[in-house]
Amino acid sequence: MAGDKRRDAGSTRAGYMAPPFVQCDKCGEMFDASAPENILKHWHHELRAPVRSPRELAERMAQRSRDKRFDPYIRETFRLPRLEARQKAEDFYRQWPKEGYDTMVESWAEEPGDIITFTMRRSRTSD
C-alpha cells in the first residue's frame with residue numbers, strides 16, 4: 001500500500017527495536033513477549049529465550065538431562081541383606097511389572113557382610 005508507514009519485523013532502519021521474542025516450551029512457537037495477548041495465549045507454558053549460540057544450546061540440553069523432571073525413569077536404591085534384597089526385588093517386579101513399566105535392576109553391588117546395594121528402575125507410566 002502506498003503511504004503505509006508500518007514497519008515490517010525485518011526492518012533495519014535507525015530507531016527500530018526488535019520486540020523481545022521468546023520461545024514457548026510447550027508448542028515451540030516464537031512470539032512477541034511484549035504483546036499482552038501473546039502472554040495470555042501462552043500463560044500456562046514455560047517460556048524460554050531463543051538460543052543464541054551452539055554453546056548455549058548444549059548447556060541448556062545438559063541442564064535438562066540433569067533435571068529430574070525430564071527423567072523418564074523413577075529409581076529407588078536399597079541396601080539390604082541378600083535374602084531381603086532378593087525378596088524386595090521380587091516385590092518390586094510384582095508391583096511394577098516389567099512388561100508395563102520397563103522395570104529392571106539398574107545396578108547392584110555386593111558389600112562385606114553379605115549386604116547387597118541395588119537400584120531398581122521403572123518408567124513413570126505404564127505402556
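Throughout, read-outs are computed from the coordinates displayed, never taken from laboratory work. This structure is a prediction, so every number in the text was calculated from the model and none was measured. When we count neighbours, we look across all protein chains shown, and the Cβ atoms used for this are built from the backbone with ideal geometry, even at glycine.
Given the Cα-Cα distance of residue 94 and residue 127 and 0.36 nm per residue of separation, how much length would full extension add, in nm?
Length difference between fully extended and current span is 10.3 nm.
Need one number: convex hull volume per residue for segment 72-123, Cα atoms only, in Å³.
Measuring per residue, one finds 56 Å³ for the Cα hull of segment 72-123.
DSSP loop (so not H, G, I, E, B), at most 12 other Cβ within 10 Å: list which trypsin sites (Lys or Arg not before Pro) in segment 73-127 pass both filters. Please report the intermediate quantities before stating the final value.
Values: sites: 75, 79, 82, 86, 88, 94, 98, 121, 122, 124; in loops: 124.
Listed in order of number, the matching sites are 124.
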